[in-house]
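Read the structure below first, then the notes.
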Amino acid sequence: MPKVHSLGTQDTIYSRRAWKRNDAIINITDLRLRTYIGFNPEELSKQQDVIINCELQYEANEPCSSDDETTALNYKTITKKIIGHVEQGSFRLLEKLTEDLLQILMGSDMATRATVKVDKPHALRFADSVSVTLSASRQ
């Protein structure tokens, strides 16, 4: 097992000025899935590609100091929920799919803020993609 490096107390004193760690940001980038999306007849019968990008923030003081995975937000579990929801679902609007994914992200009590962007490639002629972005934060 590799040795885990930890800074000693003398090594952690880089500055005499106080600072506060901001929330950790987890990015899930270019998650490519297929689903039924749209309301035109050809869209109802054939799965289409969607590309999902998520940003999830959480207060990570404990995992940063303890290096204990049980204290961290489990992004693998969240990603599996997203995959299952998208691949097994059927959506008329990008807005609905995006809202559902935002609810999955904010479903973790550890999440303080989330943003999700869903792209539908080739939805418009002459455009690479159409996308909807939604975000939420805890008060």
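The values are calculated or read from the model by the stated rules, or taken from the named source; none is laboratory data. From a predicted model like this one, the values you see are computed outputs, not experimental measurements. A quick note on method: Cβ atoms are made from the backbone with ideal geometry, for glycine too, and the neighbour counts reach across all protein chains shown.
Some points to look at:
- Residue selected from region 67-85 under the condition outside any helix (DSSP H, G or I) and without any contact (Cβ under 8 Å) to a residue 60 or more places away in the chain, by the criterion farthest from the chain's Cα centre (by Cα): 68
- Tally, over region 99-109, of residues that are under 14 Å from residue 59 (Cβ atoms) and in contact (Cβ under 8 Å) with a residue 40 or more places away in the chain: 1
- Tally of residues being closer than 26 Å to residue 61 by Cα and touching a helix residue (DSSP H, G or I) at 6+ places or on another chain (Cβ under 9 Å) across region 110-139: 9
- Subset of region 105-127 [assigned to a helix (DSSP H, G or I) and buried (at least 20 other Cβ atoms within 10 Å of the Cβ)]: 105
- For region 24-61, the set of residues classified as loosely packed, with under 12 Cβ neighbours inside 10 Å and in a helix (DSSP H, G or I) consists of 41, 42, 45, listed by residue number.
- Qualifying residue in region 49-66 (condition: farther than 17 Å from residue 24 by Cα and over 15 Å from the mean Cα position of the chain (by Cα)): yes
- Residue 32 satisfies every condition listed in (1) modelled with pLDDT of 95 or more; (2) closer than 20 Å to residue 108 by Cβ except (2).
- Test: residue in region 3-19 that is modelled with pLDDT under 95 and either surrounded by 10 or more Cβ atoms within 10 Å (Cβ to Cβ) or under 20 Å from the mean Cα position of the chain (by Cα) (or both): no
- Of all residues in region 47-68, one or more are of a type in the set (A, V, I, L, M), within 29 Å of residue 22 (Cα to Cα) and at pLDDT below 95.
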